[in-house]
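Notes follow the structure.
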Amino acid sequence: MKIGKLNLDRPIALAPMESVTDLSFRLICKQLGADIVYSEFVSSEGLIRKSDKALRKMQFLEEERPIGIQIYGGIESSMITAAKISQELSPDFIDINAGCWVKNVVKQNAGAALLKDILLMEKLISGVVLSVQLPVTVKTRLGWDTDNIKIVEVAKMLETIGVAALTVHCRTRVQAHKGDVDYSWIPKIKEKVKIPIIVNGGITTPEIAARVFESTGCDGIMIGQGAINNPFIFRETKYYMQNGELPQPISLNEKIEVMKKHLKLSVIHKGEKRGVIEFRKHYSGYLHSFPNAARIRSELMKFTELEPILDNLDKLLHSDEAEISIKL
Ligand SMILES: Cc1cc2nc3c(=O)[nH]c(=O)nc-3n(C[C@H](O)[C@H](O)[C@H](O)COP(=O)(O)O)c2cc1C
């Protein structure tokens, strides 16, 4: 599939996730096989105010490419300014969030609110497309709720105004991040538009990933919570799709080594205390298959400094607990 000059063969993307897909996690997922990564969503209003948070979220490294900076907002002029500021950093593309369910975001006519006002969505996104040279992609949902599934008309409209690719989170706004996904809309979208369609929602195993590619005819897939739970899912999925069988289970030792690397990256990019504290959300993902995972996690949660955590992980590395292989 193509996004501007990018040519990607059935890519597996890491979903943009606020407070999760910071630079350190993106680098780890990239090294484990993610083909596209995105920034956390950046508020257009925050960007215009030059808020530290917004500017920090936009930083990325060359080795992360291809990367999209994702922006959100409900005011066309602010979105255009935010897109221009993003363009100065030369990401590979700019992604517009038209799917966030969170009340605070919807209240600003942003995120999933755009699904309630397709005319605003069209005006706002077309304003951005016309204002930047970079390709503009969109991430949205099936619709606001099951009685208002608008995704086919939305896809047609987005193609017409020049959007380069569309990611569809196959849930409604009402469902937030949980509940059943409905992939059956994807072939209907594919029938009507030529732009690449990336499927998102509920992809938590290599088998589901392969099934989504086969059953929907999509051009790419995107993994969110499945990557928090298992950052190795990108590598495992590629192996499964190439070989038709699952790879050897990831050893606990490798999990610890990757976790240490991830934690160190977090500290390098955020400073020690913040890097350690913000890393805490990842303990479960790396440790859940360990015997005594809950105990290990609660011990690690006590620390705000790097060294004692690394010491404890090293002890774990050389203990029997890490020798036991786990099932995927
Ligand atoms: C903690 C968290 C933060 C998220 N932040 C964003 C975001 O910044 N931008 C966005 O487009 N979607 C965001 N999402 C939605 C995900 O990108 C994705 O669409 C959703 O989790 C469904 O995919 P999954 O079932 O693979 O997790 C977030 C989801 C989670 C769980």
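Read-outs throughout are calculated quantities, based only on the coordinates presented, and are distinct from any laboratory measurement. Fair warning: this is a prediction, and the values are worked out from it, not measured in the lab. Every residue, glycine as well, gets a Cβ built from its backbone with ideal geometry; the counts of neighbours run over all protein chains shown.
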Next item on the list: Under 1.5 on a/c is rounded, so check that first for the stretch 226-284, then, if it is not, pick prolate when a/b is larger than b/c and oblate when it is not; a ≥ b ≥ c are the square roots of the alpha carbon gyration tensor eigenvalues.
Entry: prolate
Check: Among 126-137, 302-313, 9-20, how do they line up from the highest to the lowest mean number of other beta-carbon atoms within 10 Å?
Finding: 9-20, 126-137, 302-313
Next item on the list: Please give the calculated 222 nm ellipticity per residue for the chain, where each DSSP H segment of at least 4 residues contributes -39500 (n - 2.57) and the sum is spread over every residue; nearest 500 deg cm²/dmol?
Entry: -13000 deg cm²/dmol
Next item on the list: Label the stretch 137-228 by shape, choosing from rounded, prolate and oblate, from the square roots a ≥ b ≥ c of the eigenvalues of the Cα gyration tensor; if a/c is under 1.5 it is rounded, and otherwise prolate applies when a/b is larger than b/c, oblate when it is not.
Entry: oblate
Margin query: 5 Å is the cut-off here: which amide hydrogens, built 1.01 Å from N in the peptide plane, fall below it relative to residue 42, excluding neighbours closer than 5 in sequence?
Written below: 70, 71, 72
Note to self: Tell me the angle of helix 252-270 to the major Cα principal axis of the chain, expressed in degrees between 0 and 90 and rounded to the nearest ten.
What the structure shows: 60 degrees
Next item on the list: Mind pulling the angle between the C-alpha long axis of helix 151-160 and the longest principal axis of the chain? Nearest 10 degrees, somewhere in 0 to 90.
Entry: 70 degrees
Next item on the list: Provide the packing ranking of 205-212, 77-84, 241-248, i.e. peptides ordered by the mean count of other C-beta atoms within 10 Å per residue, highest first.
Entry: 77-84, 205-212, 241-248
Checklist line | Spherically averaged projected area in nm², based on the convex hull that wraps the Cα atoms of the stretch 2-76 | finding: 5.7 nm²
Item checked: For the stretch 32-44, Karplus couplings with θ = phi - 60° (6.51, -1.76, 1.60), whole Hz, Gly/Pro x -> 8, x, 5, 8, 9, 10, 10, 5, 4, 5, 10, 6, 5
Item checked: Footprinting exposure proxy for 55, 263 (fewest neighbouring C-beta atoms within 10 Å first) -> 55, 263
Next item on the list: Choose one of 220, 66, 163: the residue whose Cα lies farthest towards the positive end of the charge dipole of the chain (beta-carbon charges +1 Lys, Arg; -1 Asp, Glu; about the Cα centre).
Entry: 163
Next item on the list: Over 18 Å between C-alpha atoms is what I'm after, so list which of 103/178; 270/315; 53/123; 50/107 land there.
Entry: 270/315; 53/123; 50/107
Next item on the list: Quick one: grab the alpha carbon gyration tensor of the stretch 192-306, order the square roots of its eigenvalues as a ≥ b ≥ c, and give me rounded if a/c is under 1.5, else prolate or oblate depending on whether a/b is larger than b/c.
Entry: prolate
Check: Across the stretch 187-201, in residue order, what do the Karplus-derived ³J(HN,Hα) couplings come to in whole Hz, using 6.51 cos²θ - 1.76 cosθ + 1.60 with θ = phi - 60° and x for Gly and Pro?
Finding: x, 5, 5, 4, 5, 9, 10, 9, 5, x, 10, 9, 9, 10, x
Margin query: Please report the equivalent ellipsoid semi-axes of the stretch 252-322, computed as sqrt(5 x eigenvalue) of the Cα gyration tensor, largest first, in whole Å.
Written below: 19, 12, 11
Next item on the list: Work out the P(r) tail for the chain: percent of alpha carbon pairs separated by more than 27 Å, whole number.
Entry: 44 percent
Note to self: If you average the alpha carbon positions of the stretch 3-33 and of the stretch 272-297, how far apart do those two centres end up, in angstrom?
What the structure shows: 22 Å
Next item on the list: Go through 92-105, 284-297 and give me the packing order, highest mean Cβ count within 10 Å leading.
Entry: 92-105, 284-297
Next item on the list: Return one number: the angle in degrees, 0 to 90 and rounded to the nearest 10, between the long axis of the Cα atoms of helix 206-216 and the longest principal axis of the Cα atoms of the chain.
Entry: 20 degrees
